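Okay, structure first, notes after.
The values are calculated or read from the model by the stated rules, or taken from the named source; none is laboratory data. Only a predicted model underlies this, so the values are computations on that prediction, with no experimental measurement involved. Every residue, glycine as well, gets a Cβ built from its backbone with ideal geometry; the counts of neighbours run over all protein chains shown. For the accessible areas, the whole protein counts, side chains as well, though only heavy atoms, and no ligand, DNA or RNA atoms are used. Shrake-Rupley method; radii C 1.70, N 1.55, O 1.52, S 1.80 Å.
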Amino acid sequence: MGQQDVCRLLWRFSSFKRTNIILQHLRMSKHTDAVGDVLLERKGCAGVITLNRPKFLNALSFSMVRQIYPQLKKWEQDPETFLILIKGAGEKAFCAGGDIKVISEAAKAKQKMSQDFFREEYLLNNAIARCQKPYVALIDGITMGGGVGVSVHGLFRVATEKTVFAMPETAIGLFPDVGGGYFLPRLQGKLGYFLALTGFRLKGRDVYRAGIATHFVDSAKLRTLEEDLLALKSPSKENIANVLETYHTESKTDQDKPFILEEHMDKINRWFSASTVEQITENLRQDGSPFALEQLKVLNKMSPTSLKIALRQLTEGSSKTLEEVLTMEYRLSQACMF
């Protein structure tokens, strides 16, 4: 056998090996789609996204982001799709955030994943905000971090008595990203600044009262609501809003309870109007009330750098567009990762 024959044989073996590897990846991909971390389905005239990692509280992985974005764009352009709905699998969470552990480990290993993940996650957040089709997020259960990013920018956000909202990033050395610098400073008074720095958790109807959710529906009626939305013969923005408003009006859970922060809002507005973290903490210290001292204790447990970043982020973001905020947050994310 000559050298030319040997080369030809090696090339064929290499080609055969590459083909087997490609087929193996395709089989794995097909299996992943069948029992995947995210389910993307057409139901009637709606595209339905189900975050499908209940054992991990539906934490948003890189793979999930990369599957949702192109499908969202396809549905947006599809003349037969009139509604996009997103929900979480299981009983505990809509989405407890991004899969930060994987991203953090990748950053420590000097891998590129942290750059790609944040960039593509923020592109998805922006795509949701600009989506030309009505986008309905059923935020039933824990909704934090990345879960806020795939819900709060949509046209409709439906909270239930099980909803737990928080942006807890200052506790882990990050900042309230996924467009937090855009929507948080636009909440009433200085509420967004308070939520961003303390990571305070809002629950149930308070998520609606804060302006984060657009509607509140009893969790037990959520499946019926979804069925009614999918059954709409003319799912226009107005008709979807009417259905949501009907369910919202019929929901009586905690209807007579005041907003959990109502009695503190005047003070929150004063405390968090300060331009520096040091002045905010001094405001809390001087107030001396049990609630003020409790928040001071919380801030003292947070990353000092993250607090300063978050305050500046919201201050800058209050006058920027969402796209400008997401660009700023991407740069901040990379500075925090490396």
Accessible area per residue in Å² at 1.4 Å probe, computed on the chain: 50 Å²
Cβ-defined net charge surrounding ALA274, 14 Å radius [Lys, Arg +1; Asp, Glu -1]: +3
Within the accessible area of the chain (1.4 Å probe), percent carbon and sulfur: 53 percent
Long-range amide H partners of ALA137 with built H, under 5 Å: ILE86, PHE156, ARG157, VAL158
Sequence-distant residues sharing a close amide H with PHE272 (under 5 Å, placed H): none
Positive-end residue, region 202-315 charge dipole about Cα centroid, Cβ charges, pick of HIS248, LEU202, ASN300: ASN300
Average silhouette area of region 38-337, convex hull of alpha-carbon atoms, in square nanometres: 14.9 nm²
Residue-level accessible surface for ASP266, protein heavy atoms, 1.4 Å, Å²: 110 Å²
Total charge dipole magnitude, region 38-337, about the Cα centre, Cβ charges on Lys, Arg, Asp, Glu only, Debye to nearest 20: 620 debye
Under the Karplus curve 6.51 cos²θ - 1.76 cosθ + 1.60, θ = phi - 60°, whole-Hz ³J(HN,Hα) for region 141-147, x wherever Gly or Pro sits: x, 4, 9, 9, x, x, x
Mean Cβ neighbour count within 10 Å, used as a protection proxy, ranking 141-148, 170-177, 241-248, 227-234 highest first: 141-148, 170-177, 241-248, 227-234
222 nm mean residue ellipticity, helices alone, for the chain (DSSP H n ≥ 4; -39,500 (n - 2.57); rounded to 500): -16000 deg cm²/dmol
